[in-house]
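Down below is the structure, laid out as structure tokens.
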Amino acid sequence: MIELIGQYDLSAFQWLIVLLCAMLIGMAKTGLSGVGLMVVPILASVFGGRPSVGLLLPILIFADVFAVSYYNRHAEWKHILRLLPWALIGIATGVLVGRVISDSVFNRLLAAIVIVGIALMIWQDIRKKISIPENRWFSVGLGSLGGFATMIGNAAGPVMALYLLSMRLPKNIYIGTGAWFFFIVNLIKVPFHVGIWKTITVQSILFDVLMIPAIALGAFLGIWLVNFFPEKAYRIFIIATTLFSAFFLF
């Protein structure tokens, strides 16, 4: 294990940052979803863009286990099944183009789409006249974009938040539905990272195992914090943190 730690040649400050990122992922998976996207560029600055994507995926899966264990009864499977086929298409597309697309350009495009989508959602709240979620293209577009985004950079959180918030799901159902969706999608991504992109190795998984205590701490902290949010305040919080995370991608 000492050899594994030494292999990554991280400073004490970088270790602190990585552990903080693992804790934020735990918090994100148990309800504070907007904070999770900030981890993507932070880890990329420490490990490099493509290696950080593979390193982050098992951390996400470990956190997914905590989330689905706690919120498993609250998922609405009709939303998961509606999005999943299109997400698979997005993942397949991401695998094919992942070696040639610019991560920075894609992140900016993703951020712009999320910001515009949230603006439309807020307009819907104010005007009460827009029926975007009822249109089939809404689930097709967001499902495909989410699958592509999660394959390229584990950055589909705002896309899923936009879809689920537009469905006006209660707090626990929102969290449970998102938890199961990402657990399934993240497991599907693993063979592509191992066999095609070579971004997940035995060494990287062992490194991720070291993060489990921080993930667990974040998961329990996220559950504790979510209990303090009324439904309306929780919706506002998720919109605000998702917007912040989208801007952070720039």
Within the chain, what is the number of lysine pairs with alpha carbons under 29 Å apart, leaving out pairs fewer than eight places apart on the same chain?
-> 17
In deg cm²/dmol and to the nearest 500, what is the mean residue ellipticity at 222 nm of the chain if only DSSP H runs of at least 4 residues count, each as -39500 (n - 2.57), divided by the residue total?
-> -26000 deg cm²/dmol
Under the span-like rule (Cα at least 15 Å along the axis, Kyte-Doolittle mean at least -0.5), DSSP H helices of the chain | 12-29, 49-71, 77-97, 103-127, 136-153, 171-195, 212-226, 231-248
Cα-projected label distance for A112 with V209, points at 7 Å along beta-carbon direction, nm | 4.4 nm
Option label - Rg and Dmax of the Cα atoms in Å computed here, alternatives (i) 17.2, 60; (ii) 18.6, 56; (iii) 21.1, 87 | (i)
Once you have the Cα-Cα distance between A233 and L88, take 0.36 nm times their residue separation minus that, and quote the gain in nm to one decimal.
-> 48.9 nm
Taking trypsin sites (Lys or Arg not before Pro) that fall in a DSSP loop and have at most 11 other Cβ atoms within 10 Å as cut points, what is the longest piece of the chain between them?
-> 1-98
Sequence-separation-based contact order of segment 5-63, relative, with Cα cut under 8 Å and 6+ spacing, percent = 27 percent
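Evaluate the relative contact order of segment 2-248 (contact order divided by residue number), counting alpha-carbon pairs under 8 angstrom at least 6 apart; express in whole percent.
On the way: 325 pairs, mean separation 99.9, N = 247.
Computed over segment 2-248, the figure is 40 percent.
Each reported figure results from applying straightforward, stated rules to the coordinates on display, with no laboratory input. Bear in mind that the values here come from a model prediction, so they are computed numbers and not experimental data. When we count neighbours, we look across all protein chains shown, and the Cβ atoms used for this are built from the backbone with ideal geometry, even at glycine.
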